[in-house]
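The values are calculated or read from the model by the stated rules, or taken from the named source; none is laboratory data. The shown structure was predicted, so the numbers you read here are calculated from the model rather than taken from an experiment. With ideal geometry, Cβ positions are generated from the backbone for all residues, glycine too; neighbour counts draw on all protein chains shown.
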Amino acid sequence: MLLIVTCGLFGKFYSLSMELHHLRYFIAVAEESSLRRAARRLLVSQPALSQQISDLEDELGFKLFTRNARGAELTAAGRVFLTGARALVAAKQAAEQAQEAAEGERERFVIGSFGAAMVSLTGVLTRFRQQHPLVEITLLKMHNRAQVEAVLDGSIKLGIGFGFYSHVLKEDEREQVSTRLLLRSPVGIVLPKNRRLPKGVAAKLKDFRDEKFLAINPEHGFGYEEWLRGLCERLAGFQPDIAALADSAETLIEMVAAGRGVYVGSEIGFRLIEEAWRPVGDFYLLTEPESRLELFAIWKKRAQVEQIIWNFIDDVVAELTSLQPGKDWNHA
């Protein structure tokens with residue numbers, strides 16, 4: 001679909017003809033501040049995305065981003081253009097949704113997820129949209145507690161997250177929701193490069209009792225710290241010394257690279273962003289038999305579960321199972 005855009009910028013007006021997907025690509029890079037992360041989010045190659053942004057800049061006649069070691073930062077012109085681009089995309093989407101709603105064709109399916117669990121859904125979402133073109137499927141970033149609240153108030157149909165629900169479900173909520181186990185993922189630990197274990201040495205949680213640990217800020221990973229403390233106490237008889245809280249995977253990676261601590265998490269979570277972890281740390285599976293982290297789906301309990309939820313969950317299980325090889329990076 002072609003858009004005719006009139007944009008007032010620095011006292012000049014540009015009459016532009018561009019594809020809607022150019023604007024979506026631009027918005028993704030602006031929000032991620034990184035071509036690499038935006039390409040992963042959009043399910044396109046980084047070179048292809050870079051070319052699309054260059055084409056858009058050529059058509060506009062000004063630069064939208066400055067590239068540097070930290071990624072892609074909006075120029076002053078880019079910040080102005082972002083506001084208009086978001087408005088145009090939102091208007092187009094609103095028009096399409098209103099038309100489909102008027103024709104009774106669209107069903108909304110909103111999912112809440114976060115972090116590695118969210119990354120794992122990209123392939124499933126693409127296939128699901130192709131199989132159900134009349135279903136409006138939306139993925140929202142929210143931690144486990146927010147998922148529970150959104151499921152109960154009806155703003156999302158399904159939540160998908162790691163097994164911290166035991167720490168976030170209130171007593172009166174347990175009877176109102178249903179859960180399904182999607183995957184039991186082995187738990188591993190990432191050490192800074194200067195802490196690499198000798199080849200053949202098994203990683204046991206008890207051997208890291210004197211280390212500084214990194215945890216996830218509750219606002220971003222509600223329940224993680226309680227899970228980590230319980231795991232260390234149950235498997236190794238100690239309480240971890242938590243040195244810092246991170247608010248994103250990127251922050252965790254930076255902290256490990258700086259030697260600020262070690263990080264414990266699900267193997268599948270590491271695998272999904274292995275490319276980012278490898279240069280800064282070494283991953284080892286913990287060998288304690290009970291070192292597992294479970295991934296769950298959660299939805300509001302009903303007399304009859306909608307078939308679309310079951311279909312989506314089955315697709316997620318198949319996708320996650322295929323992603324988990326079960327090997328250390330350095331001891332494979």
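Of note:
- Among strands (runs of 3 or more DSSP E) entirely within region 234-307, having at least 2 residues that are touching a residue at least 24 places away in the same chain (Cβ under 8 Å) and assigned by TED's automatic domain parsing to the domain that holds residue 111 singles out 292-300.
- Counting only residues that are of a type in the set (A, V, I, L, M, F, W, C), in contact with a strand residue (DSSP E or B) (Cβ under 6 Å, 6 or more places away or on another chain) and over 20 Å from residue 37 (Cα atoms), region 129-161 holds 7 of them.
- Residue check for residue 201: out of contact with any helix residue (DSSP H, G or I) (no Cβ under 7 Å at 6 or more places or on another chain) and of a type in the set (Val, Ile, Thr): yes
- Annotation for region 238-258: no member residue is of a type in the set (D, E, K, R), in contact with a helix residue (DSSP H, G or I) (Cβ under 6 Å, 6 or more places away or on another chain) and surrounded by fewer than 18 Cβ atoms within 10 Å (Cβ to Cβ).
- Check on residue 243, more than 20 Å from the chain's Cα centre (by Cα) and modelled with pLDDT of 85 or more: yes
- Failed item, numbered, when residue 296 is tested on (1) closer than 30 Å to residue 110 by Cβ; (2) crowded, with 21+ Cβ neighbours inside 10 Å: (2)
- Positions within region 302-326 being surrounded by 14 or more Cβ atoms within 10 Å (Cβ to Cβ) and either modelled with pLDDT under 60 or more than 23 Å from the chain's Cα centre (by Cα) (or both), in sequence order: 305, 306, 324
- Just one of the listed residues (149, 219) is without any contact (Cβ under 8 Å) to a residue 60 or more places away in the chain, within 21 Å of residue 295 (Cα to Cα) and under 20 Å from the mean Cα position of the chain (by Cα), and it is 149.
- Flag for residue 227 being under 25 Å from residue 145 (Cβ atoms), in contact (Cβ under 8 Å) with a residue 40 or more places away in the chain and buried (at least 18 other Cβ atoms within 10 Å of the Cβ): yes
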